[in-house]
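One structure is given below, encoded as structure tokens.
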Amino acid sequence: MASSCTQLCLQGRNLLRSKAVARTWQYNTQVRHCITRGSSKILNDCSINNGNHTTTQTRQRWKQQLFCYSDLATKHLATEALENKNVEETSTADVVAYKSPLLPIRDAVSVPNMPLDLDAAAEVSALELISEEEAVSITVPSDIPPASISLKDYVDKSETLSKLVQLGVDLWKLEQRPNVGSMLLKLDFNTDVAPRLLFLKDIGVDESRFGHIITENPFVLTESLENLHSRVNFLESQKFSSEIVASMVSRAPYILNFTVKRLDNRMGFYQQILKLSASNTRHILARLPRLLCCSLEPVKENLKVCEMELGFKENEIQHIVITVPKVLTANKRKLTQIFDFVHNTMKVPHDLIAKFPQVLNCRFMRIRERHQFLEYLGKAQYNPDLPNYISLERLVIIPNDIFCTELALAKSADFSLFQKTL
Amino acid sequence: MATPAIRMFRKIEGLFCVYKPAGVHWKLVRGSIETSLLKALNATPSQPLPTEVRFLALPVSEAEAPKGLTLSAASMPVLSKHPLVTGPEFQNIKVGVGHRLDASSSGVLVLAVGNGNKVLNNLYNTRVTRDYTLEGEFGTATDDFSHTGRIVERSTYGHITKDKLERVLAMLQGANQKALLLYSNVDMRSQEAYEMAVRGLLGPDGKSLPILTGLRCIHFEPPNFTLEVQCINETQKYLRKVVHEIGLELRSTAVCRGVRRTRDGPFTLQDALTRDHWAASDVIQAIGKKRSSKKKSKTQTKDSPLQPSEETTTVNQVKPVREQQ
């Protein structure tokens, strides 16, 4: 087993300076297993069936490697079994070594039973006096666990993760999604994350939104830059201005992960199903960019509901959608409940509702309580031709205290008392 | 050690009541309150990050040999304690609900947060009465006794007068009083029974059949009428059934249009918070008010022990609970 371990370590980039207990060697091999570059190669090469003749070979190679390093290192070649030390270079490149401890650790190496032959290495006593430089170059083994369910064990040691936290990315939310945590650990800040943040800055996204964008869509960091550029260029070719593109990206970050063909199909779908002009479609998508990312079945169903169940005509639906695009993604049951109350109980005709579609976007309880209060006061009059007309829009949008003083001409305390009698 | 969030949580712990609107399941009400309290708790300013001294290698140019002490000590914040990495301080809080209200009823719903849940348990183990307002309508009978059910029967109600209604209510009340005495597990001819009756403590202990301790009509305008009920151990469905039975007794039919709870033990409509006041600050205020009013009534009842009215009996029984609190 010792020789298998040494072979792995030689072909890896880190040097094991100590001959330690077999258990720790196994730990090290497990960690080294996960080095992605050439890891498969390592495993293939160390298919050791009978290790006896390779032991001396590997030990010689090991010694050769050691002599390449500075003289200071040689004193720490072999130690007592109790010491277990790892080299940990403090450069960021080495954090990559701990890239995917969250991946399942494969115990692929079949370790043959072999005695750990420590005679060849030089023996150094732990009580020996050493110089200051040597003391400095002793490294402490890190306490990073090989596998963990949380990113907080790695955040202090990983430059990528620390910089993401400083940007405002919610790592706690992301680590709950499967595989996202290990993906983030594998990224290198300078080669992966930084170019994409610069790209976002170029298209005009505000820096304070970076955290939100990465929290919503961490896969923007693994998307290739040419794809990102092509998608933004496509949106600009569809005559969206650059500020609008920036706001769309920052509100619906998944747009950057959709292929150009898919975005094109969706835009065509909205234009065709709503029968709107291109500029109106652009207006809707600019207001609710989520429409480009969400699934299209609920939108189709909502439109059918508006047409058949609620009985709106096509031009009324168009007007509603242009004013309040959220109706396309609203809950069908709530939509029918609100419409039923407004049309049948408040006796508001279709064209008035189409004129003030904000009413369909509001909370049902609010409309009901306010209407009942106005009815109790005798002020529930929604016909624009008659005097004392109350517009639906005002009924729904304004906050409670203004509603009480201006529309109902009563005190807020009276409204609370009335609510308790319902 | 107590963070501002924990200090705020201590203030939120306690009992308060909320006005549940009709048409909403009580779980949704409990959920919205929990969400708004969590939002306020996690919005408190977080503690500054602890710092740790780390030794960083200074960047060394290639020409120099890698020897000599090129490390510098720097005090850096420990990012693993940052709230974006550990998650919010409070992820859920225990919000308990008192006697439940079904979806189509409205009224006072008692909620307890954190430690208040224990008090809630004790409160409901004692004999607690509740006040309801039932709106009824003569002329139809439905399968689930409410006006939204499937109509089973229609009848005339022209013959019903307030007089007849009151007679029926009196009969019902009499039957309920008998049940009250029956369930109180005391021999009616003993001294003990007399003393309990004087203090108003006669009644079932714990679970039993629903009993109406008080019943009267406050509004009568055929076909609509309104009843005020005081009861123990009831469910809203039972109350609707009572309306239905009143209709049957009057040789007509009746459905219940609305069940509204106006009082649950010591919690009245005045203390109830409406939908716009479900934020944490209002909740803290309500809890504080309830605590101080409880203390006041505690000192008052100590002065006047022999009041057999309903209100003070509940207060008396709640007293041992409060001492534990």
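Every number in this text was worked out from the coordinates using simple rules, so none of it is lab data. If you're wondering where the values come from, they're calculated on a predicted model, not measured in any experiment. When we count neighbours, we look across all protein chains shown, and the Cβ atoms used for this are built from the backbone with ideal geometry, even at glycine.
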Measuring from its Cα centre, region B:234-300 shows a charge dipole (+1 at each Lys and Arg Cβ, -1 at each Asp and Glu Cβ) which, in debye to the nearest 20, is 280 debye
Taking Rh as the Kirkwood radius computed over alpha-carbon pairs of chain B and applying Stokes-Einstein at 20 °C with viscosity 1.002 mPa s, one gets a diffusion coefficient in µm² s⁻¹ of 91 µm²/s
Here the tail fraction of P(r) beyond 19 Å, over all Cα-Cα pairs of region A:152-294, rounds in percent to 52 percent
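Which links in A:411/B:298; A:347/B:241; B:20/B:294; A:239/A:275 stretch past 25 Å when you go from one Cα to the other?
Numbers: A:411/B:298 34 Å; A:347/B:241 33 Å; B:20/B:294 23 Å; A:239/A:275 19 Å.
From the list (A:411/B:298; A:347/B:241; B:20/B:294; A:239/A:275), the Cα-Cα distance tops 25 Å for A:411/B:298; A:347/B:241.
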Straight-line reach check, residue B:162, cutoff 18 Å on alpha carbons, 8 or more apart in-chain or any other chain, hits among lysines -> none
Scoring region A:152-294 by relative contact order with C-alpha pairs under 8 Å, at least six apart, yields a percentage of 21 percent
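Test of understanding: ordering A:199, A:356 by Cβ neighbours within 10 Å, fewest first, what list do you get?
On the way: A:199 17, A:356 21.
Fewest to most other Cβ atoms nearby, the residues stand as A:199, A:356.
For region B:129-264, how big is Rg over Rh, using alpha carbon atoms and the Kirkwood form of Rh? Numbers along the way, then the final one.
Details: Rg = 16.1 Å, Rh = 15.7 Å.
Using only Cα positions, Rg/Rh for region B:129-264 is 1.03.
Once the Cβ-Cβ distance between residue A:301 and residue A:139 is put in as r, and R0 is 60 Å, what FRET efficiency do you end up with, to the nearest 0.05? Please report the intermediate quantities before stating the final value.
Working: r = 62 Å, r/R0 = 1.03.
The formula returns an efficiency of 0.45 here.
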Between residue B:279 and residue B:178, Cβ-based FRET efficiency (R0 51 Å, step 0.05) works out to 0.60
Counting sequence-distant residues (5 or more places) and residues on other chains, those with an amide H built under 5 Å from that of residue B:219 are B:226
To the nearest 10 degrees, the tilt of helix B:116-125 (Cα long axis) against the first principal axis of the alpha carbons of chain B is 20 degrees
If the label point sits 7 Å along Cα→Cβ of residue A:236, residues of region A:246-280 with amide N under 16 Å come out as A:246-250, A:256
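Tell me, what is the percent relative contact order of region B:129-264, built from C-alpha pairs under 8 Å that lie six or more residues apart? Please report the intermediate quantities before stating the final value.
Details: 256 pairs, mean separation 62.3, N = 136.
Averaging sequence separation for qualifying contacts and normalising by length gives 46 percent for region B:129-264.
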Taking Cα atoms, the helix B:236-249 axis meets the longest principal axis of chain B at an angle in degrees (rounded to 10) of 10 degrees
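Between residue B:189 and residue B:103, what length in nm is gained on full extension when 0.36 nm per residue of separation is reduced by their alpha carbon distance? Write down the numbers at each step before the final one.
Working: separation 86, 0.36 × 86 = 30.96 nm, distance 4.37 nm.
Length gained, residue B:189 through residue B:103: 26.6 nm.
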Per its Cα gyration tensor (rounded if a/c is under 1.5, else prolate when a/b beats b/c, else oblate), region A:268-410 is best filed as prolate
Per the 1/(1 + (r/R0)^6) rule, R0 = 30 Å and r from the Cβ atoms of residue A:363 and residue B:228, FRET efficiency to 0.05 is 0.45
Computed over chain B: longest principal axis from alpha-carbon atoms vs helix B:280-303 long axis, angle to nearest 10 degrees, is 50 degrees
Here the relative contact order (percent) of region A:325-422, from C-alpha pairs under 8 Å and at least 6 apart, is 22 percent
For residue B:296, counting only lysines whose alpha-carbon sits under 17 Å away and dropping same-chain residues fewer than eight positions off, the answer is B:319
In whole angstrom, the spacing between the Cα centers of region A:130-182 and region A:345-422 equals 56 Å
Most fluctuating of B:38, B:79, B:215 in the GNM of chain B (C-alpha, under 10 Å) is B:79
In a Gaussian network model of chain B with springs linking alpha carbons closer than 10 Å, the residue among B:57, B:74, B:280 that fluctuates most is B:57
Which of B:118/B:290; A:152/B:81; B:27/B:290 exceed 18 Å between C-alpha atoms? The answer is B:27/B:290
Between the modelled labels at residue B:54 and residue A:227 (7 Å from Cα along Cα→Cβ) the distance in nm is 3.2 nm
Expressed in nanometres to one decimal, the distance between label points 7 Å along Cα→Cβ at residue A:332 and residue B:122 is 5.2 nm
Among trypsin sites (Lys or Arg not before Pro) in region A:285-328, those in a DSSP loop whose Cβ has at most 16 other Cβ atoms within 10 Å are A:313
Taking a crude spin-label model, label points 7 Å out from Cα along the C-beta direction, the residue A:381 to residue B:39 distance in nm is 3.6 nm
